[in-house]
1. With angles folded into 0 to 90 degrees, how steeply does helix 91-102 sit against the dominant principal axis of the chain? Use alpha carbons for both and round to 10.
2. Which shape class, rounded, prolate or oblate, goes with region 14-74 when its Cα gyration tensor gives a ≥ b ≥ c as root eigenvalues, a/c under 1.5 marks rounded, and past that a/b bigger than b/c marks prolate?
3. Using θ = phi - 60° and the Karplus curve 6.51 cos²θ - 1.76 cosθ + 1.60, what whole-Hz ³J(HN,Hα) does each residue of region 43-54 get, with Gly and Pro shown as x?
4. What's the angle, to the nearest 10 degrees (0 to 90), between helix 118-134's Cα axis and the longest principal axis of the chain?
5. At 7 Å along the Cα-to-beta-carbon direction for both Ile156 and Thr95, put a label point, then send me their distance in nm to one decimal.
6. Report which label in (i) 1, 8, 13, 13, 12, 14, 15, 13, 7, 3, 1, 0; (ii) 1, 7, 12, 12, 11, 10, 9, 9, 9, 7, 6, 4, 2, 1, 1, 0; (iii) 2, 9, 18, 22, 23, 17, 8, 2, 0 holds the value of P(r) over Cα pairs in 5 Å bins from 0, in percent derived from the coordinates of this structure.
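Nothing in this text is a laboratory measurement; each read-out follows from the coordinates by a stated rule. Given the structure is predicted, the values throughout are model-derived calculations rather than measurements. As a convention, Cβ positions derive from the backbone with ideal geometry for all residues, glycine included, and neighbour counts pool all protein chains shown.
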Amino acid sequence: MNRDKKNYNKLKKYWRLILKDKSKVDYIHFRYHRFFKKQMREKDIIHYLIDLDPELKASYELYQYVQLCLRTKNFKLLKKILSKKQNQVSKYMKTAISTMKKYISYIENTFKYKYNNGVLEGINNKIKTIKRIAFGYRCFYHFKNRILITHNLVTIKKGVH
């Protein structure tokens, strides 16, 4: 963006389109875009932006291939894409590729199994929120009970008659 002052505003405004999944890009409907001063489709804007820089274009194409692999759960294709020499992509994309290569066995497990730790992360976040709101508990027993109550694992008994 900083190298291209002429297209700075366009890149700043439409960077989300570059991250958008290719299958969700609008290829049909024209809309007026003030930075281009004409009616354009999302597809046309993406092509305009990625044609500005060959590094951006290579990074975009690699990103879309990785997204396709994730969407279709095609691990063999992902491994093939990561094994290719990627000279033209940005240094940030190269870092991401090396990280993916480093953890390829874990990535393979995410393709094989439907389990993830999202629920557990949500519970941990809720516990941290309880801890932060309470400004600390003097007694661990009360803290544990508060966690159990908020997760509906223990019911509170109403007053005894």
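1. 50
2. Because a/c hits 1.5 or more and a/b fails to exceed b/c, region 14-74 counts as oblate.
3. Each residue of region 43-54 in turn: 4, 5, 5, 4, 4, 4, 5, 6, 6, 5, 9, x Hz.
4. 60
5. According to this spin-label approximation, the distance is 4.7 nm.
6. From the options (i) 1, 8, 13, 13, 12, 14, 15, 13, 7, 3, 1, 0; (ii) 1, 7, 12, 12, 11, 10, 9, 9, 9, 7, 6, 4, 2, 1, 1, 0; (iii) 2, 9, 18, 22, 23, 17, 8, 2, 0, the structure gives (ii).
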